[in-house]
Amino acid sequence: MNAFLTAPAAALATVLAAYGVARLRKRYDTIDSVWGAGFAVIALCCAFTGPAPAAGWTATALTVGWGVRLSAHLHHRNSGGAEDPRYLEMARRYGDRVGLLMFLRVYLVQGIVMWFVSLPVQAAIAFPGELGALGWAGIVVWVIGFGFETVGDAQLSRFRADPANSGRVLDSGLWRYTRHPNYFGDACVWWGLYLLACHSWAGAATLLSPLVMTWLLARGTGKPLLERGMRERRPGYADYVERTSGFLPLPPRRG
């Protein structure tokens, strides 16, 4: 049970540290770079305070691998450009109270989401269990998700790096089959970690965690916000939407 007690403190410490760095940098999009690493911190803190046998250490290793890669990718992507317009708009709206409101409405909320979404990892650590059939299935699902996310991000980075693609829409590679291979992969990662926790009833009871993460990616703050901006910036994006699956990888529709 120590893992469940450690996780909230680890999440809070992560967002407090990220907020301090953001204030020093004068860039509130720092939280994006810390997002994946926050899960890694939670997993490691829980693992070193709980029993964490085979299933728990496996969940920890997979969470750390996913989180460190994602944070490194987002930091590299964001560090060379201007701050995300979403944060600039929030800062403008919040005015003189920007420091307090940004912490309460962005950083603290993301810390709560980190804690809640990571409940399967906490359960895998807190309740000892070996890798059974569901555990191995979870590893397979995680590998699929990690592959989609990593390859999708790499394809998009190469596409953006070519000046000839300015204003164009990436519709090849994994992006031919889903408009968001990285988001689909992210969801698979958390479903895989959930399956790893299902060796106990407590782990199985954390079903809402991957559901919430999937909803955030597909319907919440992920896909809808991103696509709204893409429609405005890229004229060909509407046609791409018509022929390409929004989330699950599927063969493109014929026009």
Exercise for the section: Could you check Leu12 against (1) open to solvent by 30 Å² or more (accessible area, probe 1.4 Å); (2) more than 21 Å from Val143 (Cβ to Cβ); (3) modelled with pLDDT under 95 and say which number it fails? Expected result: (3)
Exercise for the section: Please identify the pairs in which a residue from the range 234-250 that is in contact (Cβ under 8 Å) with a residue 40 or more places away in the chain has its Cβ atom under 8 Å from the Cβ atom of a residue that is among the polar types (S, T, N, Q) and open to solvent by less than 80 Å² (accessible area, probe 1.4 Å), counting only partners at least 6 apart or on another chain. Expected result: Thr244/Thr178; Ser245/Thr178; Gly246/Thr178; Phe247/Thr178; Leu248/Thr178; Pro249/Thr178; Leu250/Thr178
Exercise for the section: Check whether at least one residue in the range 161-180 is open to solvent by 40 Å² or more (accessible area, probe 1.4 Å), more than 22 Å from Pro252 (Cβ to Cβ) and among the hydroxyl-bearing types (Ser, Thr, Tyr), and report yes or no. Expected result: yes
Practice task
Of the conditions (1) at pLDDT below 90; (2) in a helix (DSSP H, G or I); (3) surrounded by fewer than 15 Cβ atoms within 10 Å (Cβ to Cβ), Gly81 clears all except one; give me its number.
Solution key: (2)
Fill in the blank from the handout: Of the residues in the range 1-52, those that are among the acidic types (Asp, Glu) and part of a helix (DSSP H, G or I) come to Asp32
Problem - Residues of the range 183-239 classified as under 21 Å from Val109 (Cα atoms) and either surrounded by 15 or more Cβ atoms within 10 Å (Cβ to Cβ) or at pLDDT 90 or above (or both), total - result: 19
Practice task
State whether the residues of the range 108-130 include one that is surrounded by fewer than 18 Cβ atoms within 10 Å (Cβ to Cβ) and of a type in the set (Ser, Thr, Tyr).
Solution key: no
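The values are calculated or read from the model by the stated rules, or taken from the named source; none is laboratory data. Just so it is clear, the model here is predicted, and its values are computed rather than measured. In this analysis, Cβ positions are derived from the backbone assuming ideal geometry, glycine residues included, and neighbour counts consider all displayed protein chains. Remember, those area values only see protein heavy atoms, side chains included, never the ligands or the DNA or RNA. Shrake-Rupley method; radii C 1.70, N 1.55, O 1.52, S 1.80 Å.
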